[in-house]
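To keep things clear, I will list the structure first and then write my remarks on it.
The values are calculated or read from the model by the stated rules, or taken from the named source; none is laboratory data. Bear in mind that the values here come from a model prediction, so they are computed numbers and not experimental data. Ideal geometry is used to build each Cβ from the backbone, glycine not excepted, and the neighbour counts take in all protein chains shown.
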Amino acid sequence: MTRFIQIHALTSYPGALLNRDDAGFAKRLPFGGVTRTRVSSQCLKRHWRVFKGKHSLGELERPSSVRSRLTFEHHIIEPLVAAGMPIALTTVVTEYVMKLVLGESAAKKREQAQKEDDEEKSAQRVPLKTSQITVIGQPEVAYLRSLVEDFLGEHKEVFEAFWDSDEAALAEKKTKGEIDKACKAAFQNKAMKKNIQGLKLALGLDAALFGRMVTSDILARGDAAVHVAHALTVHAEHSESDYFSAVDEILANEGGELGSGHINSTELTSGLFYLYVVLDVPLLVSNLTGCDVSQWQEADRSLAADVASRLVRLIATVSPGAKLGSTAPHSYASCVMVEAGDAQPRTLANAFFKPVSERGDMLENTYRALADHLEDFHGMYGKETEACLSARGPFGSLESALGVEAQGLNETAQWVAQQIEG
């Protein structure tokens, strides 16, 4: 059975600024003695997640994840208040549930103290936020909302003053301890703890694929089943400072002035990028179905196969969208090579440790460098994976190194799905 799917892609971008640092320049990485242009894995994953169109992850109609610091505010408090629940009591109970699920660090306690101080000074309510972005599946959010809603309904008579908006603020100060005591009795009994165990699963598609980091006893950390490296150019960086101006049309047309209304400069880059992605198939199946990782072969692998085939297409066709209006950075991969097997994954970026020569056809030179690296690697370690190739251009050397014939991207995506389904 295939335990790992490794995806290698080569994509060329002319005149773009795909991923910027805090100063607005292209992200870079020293490698092989020269500086390369790079695109961060976070940038790539976000564009694959949010892409809407053919072969998107959204077409799967599976619950997505909510990725925000304001999840509890927007998806629990606001809907319940809109349904007629008192905002002060709803906030206190939701905050208790949030602490129960996510835990409360020292930093969060300080933030909460500052929040209460700000509210007291301004007499305005501060939205409930987590200390860091949380990735929580929509089914998990719906369950937590139902816990708060049920509590409010069952305790309406106990905290009746909260339904009187004129007394809500005073009631909150007066009964905060009573609310916490009631919440502890409702949410921290054995039966409720057993029900909350289901939150250990990464129920949202986003969390199942790309993981989630939390420091909580209840909402467990979810390891990423999809590992994404930073894309980097196979050659030294190519960049240029682009000076531009914008004309003030009113002044130009009516005032007779020729000067611009705005002058600035930005950086543009170009290059052929290598991208490496690994799919941990057992973990992917486990995250998507809820089965134990050790039982992944007995589980239904159809969804994992569908997700993997879609990722192949997304990697090949979805580009980062920075400076979309001024550079149109839409480009399809020139090469998508996929390997399947049980061997420990390894990147092929070292094929480009020595920058690819820019003399002649750079794409052909890149294929040759990749083919030579594969042949050297197989000579030392042996060939432990099966491969599939989709490519355009002079890819003959790569076909020879892999021992396969190139085919269309649809066939490669289907091949990946078949590898997972067995």
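Here are some notes:
- Verdict on residue 320 being within 26 Å of residue 15 (Cα to Cα), out of contact with any helix residue (DSSP H, G or I) (no Cβ under 8 Å at 6 or more places or on another chain) and in contact (Cβ under 8 Å) with a residue 60 or more places away in the chain: no
- All conditions but one from (1) more than 30 Å from residue 277 (Cβ to Cβ); (2) at pLDDT below 90 apply to residue 75; the one that does not is (2).
- For region 398-422, the set of residues classified as under 28 Å from residue 298 (Cβ atoms) and either at pLDDT 95 or above or in contact with a strand residue (DSSP E or B) (Cβ under 9 Å, 6 or more places away or on another chain) (or both) consists of 412, 413, 414, 415, 416, 417, 418, 419, 420, listed by residue number.
- Selection count where residues are of a type in the set (S, T, N, Q) and surrounded by fewer than 16 Cβ atoms within 10 Å (Cβ to Cβ), scope region 51-105: 1
- In region 98-129, the residues that are more than 13 Å from residue 75 (Cα to Cα) and at pLDDT 75 or above: 99, 100, 101, 102, 125, 126
- Filter result for the condition that a residue is modelled with pLDDT of 95 or more and not aromatic (Phe, Trp, Tyr), over 361, 372: 372
- Single residue of region 12-42 satisfying the filter (of a type outside the set (Gly, Ala, Ser) and touching a helix residue (DSSP H, G or I) at 6+ places or on another chain (Cβ under 8 Å)) that is nearest to residue 412 (Cα to Cα): 18
- The conditions of being closer than 21 Å to residue 313 by Cα and free of Cβ contacts under 8 Å to residues at least 60 places away in the same chain are met by residue 50.
- Single residue of 347, 366 found to be crowded, with 20+ Cβ neighbours inside 10 Å, in contact with a strand residue (DSSP E or B) (Cβ under 8 Å, 6 or more places away or on another chain), at pLDDT 95 or above and of a type outside the set (A, V, I, L, M): 366
- Each residue in region 261-300 was checked for being under 30 Å from residue 241 (Cα atoms), touching a residue at least 24 places away in the same chain (Cβ under 8 Å) and of a type in the set (A, V, I, L, M), and 3 of them qualify.
- Hits in region 306-323 - residues which are more than 24 Å from residue 349 (Cα to Cα) and crowded, with 21+ Cβ neighbours inside 10 Å: 307
So that you can scan it fast, the table gives a plain yes or no per residue for (1) touching a helix residue (DSSP H, G or I) at 6+ places or on another chain (Cβ under 9 Å); (2) outside the structural domain of residue 317 (by TED's automatic domain parsing):
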site: 44; (1), (2): yes, no
site: 52; (1), (2): yes, no
site: 56; (1), (2): yes, no
site: 59; (1), (2): yes, no
site: 76; (1), (2): yes, yes
site: 82; (1), (2): no, yes
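- Restricting 336, 312 to those that are out of contact with any strand residue (DSSP E or B) (no Cβ under 6 Å at 6 or more places or on another chain) and assigned by TED's automatic domain parsing to the domain that holds residue 40 reduces the list to 312.
- Among residues of region 26-69, those that are of a type in the set (A, V, I, L, M, F, W, C) and either assigned to a strand (DSSP E or B) or at pLDDT below 90 (or both), counted: 9
- Considering the conditions (1) at pLDDT 95 or above; (2) in a helix (DSSP H, G or I); (3) crowded, with 18+ Cβ neighbours inside 10 Å, residue 303 is excluded by exactly one of them, (1).
- A single member of 26, 9 is touching a Ser or Thr at 6+ places or on another chain (Cβ under 6 Å) and buried (at least 18 other Cβ atoms within 10 Å of the Cβ), and it is 26.
- Among the residues of region 254-286, the ones that are modelled with pLDDT under 85 and assigned to a helix (DSSP H, G or I) come to 2 in all.
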